[in-house]
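The values are calculated or read from the model by the stated rules, or taken from the named source; none is laboratory data. Owing to the predicted nature of the structure, the values given are computational and were not obtained by experimental measurement. Ideal geometry is used to build each Cβ from the backbone, glycine not excepted, and the neighbour counts take in all protein chains shown. Side chains included, ligands, DNA and RNA excluded: accessible areas come from the protein's heavy atoms. Shrake-Rupley method; radii C 1.70, N 1.55, O 1.52, S 1.80 Å.
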Amino acid sequence: MSPLNKTDLFALGLFLLTIVVILITSLIKKRKHTLQAPQAYEGIDTLMHRSSEEGKSLLIGLGEGFSGFGSGLGDVTGLMVEKTLMNRVVFNDRPAQSFSSDGALACISHAIVHGAYKDALASELFRPEYNQLTGLSGFSGLAGILPELSRSDNAGLVLVGAFRPESLIIADLAERQNIPTIVASGLLPAQAAFFTSQADLALGEDYYLPAVGKQSYTQRSAFVLNWLRTLLAIGLVLAAILKLSGVIP
Amino acid sequence: MPKLDLLLMFAGVVLSLIVFSYLLGDKLFFGISMYLLVGVTTGYAAVVLLKRVLLPMLVMPLMDLPTIPGLLALIPLLLSLLLVWSLFKKSSKIATLPLNILTGILLATAIFGIVRGTLAPQLLSIVDAFDPKLVVKGNLPNWTAIFEAFMMLLGVISVLFFFHHRNKRDKVYESPRPWMEGIKVVGQMFIGITFGAVFVGLFSTGLIALIASLERIIDFVRLWL
Amino acid sequence: MKDRQGIVIIALAGILFLLALFFQPKTSAILNVIINWTIVLSSVALLLAVARLITTHMRHIAVGRRGFLFSLVFFAAFAAAFIGGMFMGEGNPEYLKWIRAIQLPLETALLGLLALVMMSLAVKVFRERGWSVLTISFGVSALFFLFLNLGFLKSGVNPGLDRFVIALKSLPVIGARGLLIGVALGALVMGLRVLFGQVVENE
């Protein structure tokens, strides 16, 4: 067996540290809603109300890939937002529609959408087109969602998942159609591209803190991230001093 | 030029023009071109999946039953059948089994990739910049390397703290930790610089593609002149 | 995700696979087998999603839903690409020539369109996002790198300027590194919380 190298050992240490921080912080009793949540997601509630009041549809783009496209697992965020959102808009005049560009993601999303209708005891209202695969690559995923935006009965667009910068065209079309848009992508190039759009944008790690619904999960995760961030910063400074003084090789 | 190539070239020019009709607010032809792309890529992907993945990895081993590969292929076959069953029996708990297993495995792969592929190397490279071999050059301090190492440390920490979640009751300008707000401003600056550079990189790529598209159109027009 | 059984299965599959990943290369043989199963399962999931997409468009055509013309185009393109690939073979040069003749100009034009969209949006960035440290540094950085890419700041003219330009060019790496670490931390916390069965829902 080949010995673990420095990076392997460090990775293992980080992994264990994260687990310890999660476990310790889950033991700490914390008052609810004390931390400020990312602003970008706050608009989702407004869009849900708009959808109900105006009888218009809400479009949810989940991006391309559950298989760790890029370096994240952002699709879990998208699915989480989709679940919260779907549970609330089941009985709207115009149901919400979600789009994904990956097979596994489309199947899981399908189960979530159907589950929302089932939980609301309204399985008969469910239609397969409420959850669609848009295409199987970045461009065809983009191509699949663009024509849907052109319909006049959309209350808003929520893009949460692994999106490429090319998806900026989606935000541009939404802007042209006066459709309010919320974008959250864990990929840096996409964040840079969407920064110029009108859309409410979740930057950096805020993407992993979907502040929708009652936010219990988001609050706890923000708490864990604050701790981890502080520990990492202290660790980095200490490690830099030790490296400089030659204590660590 | 053969007639078929000419036809394909013409199709390419028409499709490019249709895409650019988006700028004029066209929805019909733009929509048609988008669905054409979705249809072609989906059809091609379906063929590749069937012929290059499912046939050699699932069907062929089953032909060799009862060998070990054949027996091993029975598990994905069973899971695949359950997945298909989930189409018809949406409420069935057993039908969600393959999706749950798939989710677990994909999550584990992503977590491993994040820790081993991103976090550990990125953090180590920050610390490695303080290596005495780099910051000292012939018994004299290498100020460029020292500056770069400190900038990296400051920049990364400030970007990390830009996302620090403050308490709801804390106001930005009356913050009990003004140093934190200061760090956040530095973090904003670094994020802005990064976004600007990435944006220009993407824009340059787009510009090259735009030139290629225009060239396609000009080449076709030249053929007839 | 109220489904407890589902949470347990996700956690079990994930934790076991994670352990196998950490104990490589001892677990390489079993990892390969599981990865093959995952590829097969993902492919089946994808084909199922494609099947659902086709049935949705067929339904649109059948009921004459508004915009069914798009569904017709999709169906015709899919059928041509699928049948062609099945009979001619997915590696057949003639078949690939046709596929590329459609895919390449469309994708290149979309990327070109992106450049135009980016340009039009970039000029409005201060109006949309306001004036802040973030937007100002974005604007200055974008202008600087645009000039650099256009070749206005040529190297070799002045060594001092060259060193300054190199130092400026390294600045985006710092922000990118900070962002990447932050995003990775967020993903790690989310991934682990899901694996530990800490309910991923804002209930």
Task: Residue, farthest from residue A:154 (Cα to Cα), within the stretch A:6-37, restricted to residues that are at pLDDT below 80 and of a type outside the set (A, V, I, L, M, F, W, C) - done: A:29
Open item on the list: Cβ-Cβ under 6 Å, sequence separation 6+ or interchain: first residue in the stretch B:1-28 and closer than 21 Å to residue B:212 by Cβ, partner open to solvent by 70 Å² or more (accessible area, probe 1.4 Å). Which pairs?
Closed with: B:18/B:29; B:21/B:29
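Pull up the stretch C:61-88, narrow it to residues that are in contact with a Leu (Cβ under 7 Å, 6 or more places away or on another chain) and within 7 Å of chain B (Cβ to nearest Cβ), then point me to the one that is least open to solvent (accessible area, probe 1.4 Å). Full working, then the answer.
Narrowing the stretch C:61-88 to residues in contact with a Leu (Cβ under 7 Å, 6 or more places away or on another chain): C:61, C:73, C:77.
Subsequent filtering for residues that are within 7 Å of chain B (Cβ to nearest Cβ) retains C:73, C:77.
Working: C:73: 29, C:77: 9 Å².
If we take residues in the stretch C:61-88 being in contact with a Leu (Cβ under 7 Å, 6 or more places away or on another chain) and within 7 Å of chain B (Cβ to nearest Cβ), then C:77 is least open to solvent (accessible area, probe 1.4 Å).
Would you please name the residue that is nearest to residue C:190 (Cα to Cα), looking only at residues in the stretch A:137-188 that are basic (Lys, Arg) and modelled with pLDDT of 85 or more? Outline the logic, then answer.
To start, the set of residues in the stretch A:137-188 that are basic (Lys, Arg) comprises A:151, A:164, A:176.
With the extra rule that they be modelled with pLDDT of 85 or more, the set shrinks to A:164, A:176.
On the way: A:164: 21, A:176: 35 Å.
So, considering only residues that are basic (Lys, Arg) and modelled with pLDDT of 85 or more, the one nearest to residue C:190 (Cα to Cα) is A:164.
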Task: Filter result for residue A:3 (in a loop (DSSP other than H, G, I, E, B), in contact with a Phe, Trp or Tyr (Cβ under 6 Å, 6 or more places away or on another chain) and either at pLDDT below 80 or surrounded by 14 or more Cβ atoms within 10 Å (Cβ to Cβ) (or both)) - done: no
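Can you give me the number of residues within the stretch A:90-110 that are surrounded by 19 or more Cβ atoms within 10 Å (Cβ to Cβ) and either outside any strand (DSSP E or B) or of a type in the set (Asp, Glu) (or both)?
The first filter runs over the stretch A:90-110 and keeps only residues surrounded by 19 or more Cβ atoms within 10 Å (Cβ to Cβ), leaving A:90, A:95-110.
Those still in the list that are either outside any strand (DSSP E or B) or of a type in the set (Asp, Glu) (or both) too: A:90, A:95-96, A:101-110.
Number of matching residues: 13.
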Open item on the list: Restricting to the stretch A:154-197, give me the number of residues that are within 21 Å of residue A:96 (Cβ to Cβ) and polar (S, T, N, Q).
Closed with: 6
- [ ] Just one of (1) surrounded by 22 or more Cβ atoms within 10 Å (Cβ to Cβ); (2) more than 8 Å from chain C (Cβ to nearest Cβ) trips up residue A:226, so point out which.
- [x] (1)
Task: Residues of the stretch B:15-42 satisfying the condition of being closer than 27 Å to residue C:53 by Cα, of a type outside the set (Phe, Trp, Tyr) and open to solvent by 50 Å² or more (accessible area, probe 1.4 Å) - done: B:27, B:28
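Out of B:33, B:86, B:16, report the one residue that is in contact with a His (Cβ under 9 Å, 6 or more places away or on another chain), within 10 Å of chain C (Cβ to nearest Cβ) and in a helix (DSSP H, G or I).
Working: B:33 fails: in contact with a His (Cβ under 9 Å, 6 or more places away or on another chain); B:16 fails: in contact with a His (Cβ under 9 Å, 6 or more places away or on another chain).
Among B:33, B:86, B:16, only B:86 is in contact with a His (Cβ under 9 Å, 6 or more places away or on another chain), within 10 Å of chain C (Cβ to nearest Cβ) and in a helix (DSSP H, G or I).
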Task: Residue satisfying condition, being surrounded by fewer than 15 Cβ atoms within 10 Å (Cβ to Cβ), out of contact with any Ser or Thr (no Cβ under 7 Å at 6 or more places or on another chain), hydrophobic (A, V, I, L, M, F, W, C) and farther than 23 Å from residue C:126 by Cα, within set B:147, B:130 - done: B:147
TODO: Confirm whether residue C:72 is part of a helix (DSSP H, G or I), more than 25 Å from residue A:136 (Cβ to Cβ) and more than 25 Å from the chain's Cα centre (by Cα).
DONE: no
TODO: Working only within the stretch C:171-185, note down all residues that are open to solvent by 20 Å² or more (accessible area, probe 1.4 Å) and closer than 11 Å to residue B:118 by Cα.
DONE: C:177, C:180
Open item on the list: It is to be established whether one or more residues within the stretch B:181-198 are charged (D, E, K, R) and not in a helix (DSSP H, G or I).
Closed with: no
Task: Hits in the stretch B:60-69 (condition: surrounded by 13 or more Cβ atoms within 10 Å (Cβ to Cβ) and either farther than 16 Å from residue C:30 by Cα or touching a Leu at 6+ places or on another chain (Cβ under 6 Å) (or both)) - done: B:60, B:61, B:62
Open item on the list: Any residue at all in the stretch A:181-202 that's in contact with a His (Cβ under 7 Å, 6 or more places away or on another chain) and either more than 7 Å from chain C (Cβ to nearest Cβ) or not small (Gly, Ala, Ser) (or both)?
Closed with: no
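Would you say residue B:45 is surrounded by 23 or more Cβ atoms within 10 Å (Cβ to Cβ), in a helix (DSSP H, G or I) and more than 7 Å from every other protein chain (Cβ to nearest Cβ)? Steps first, please.
Values: surrounded by 23 or more Cβ atoms within 10 Å (Cβ to Cβ): yes; in a helix (DSSP H, G or I): yes; more than 7 Å from every other protein chain (Cβ to nearest Cβ): no.
When the stated conditions are applied, residue B:45 does not pass them.
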Open item on the list: Exactly one of these conditions fails for residue B:99: (1) surrounded by 20 or more Cβ atoms within 10 Å (Cβ to Cβ); (2) modelled with pLDDT of 85 or more. Give me its number.
Closed with: (2)
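If I go through the stretch A:220-249 residue by residue, how many of them are among the charged types (D, E, K, R) and either in contact (Cβ under 8 Å) with a residue 40 or more places away in the chain or more than 16 Å from residue B:119 (Cα to Cα) (or both)? Show your work before the answer.
Keep residues of the stretch A:220-249 that are among the charged types (D, E, K, R), which gives A:220, A:229, A:243.
So of that shortlist, the ones also either in contact (Cβ under 8 Å) with a residue 40 or more places away in the chain or more than 16 Å from residue B:119 (Cα to Cα) (or both) come out as A:220, A:243.
The number of residues fulfilling the criteria is 2.
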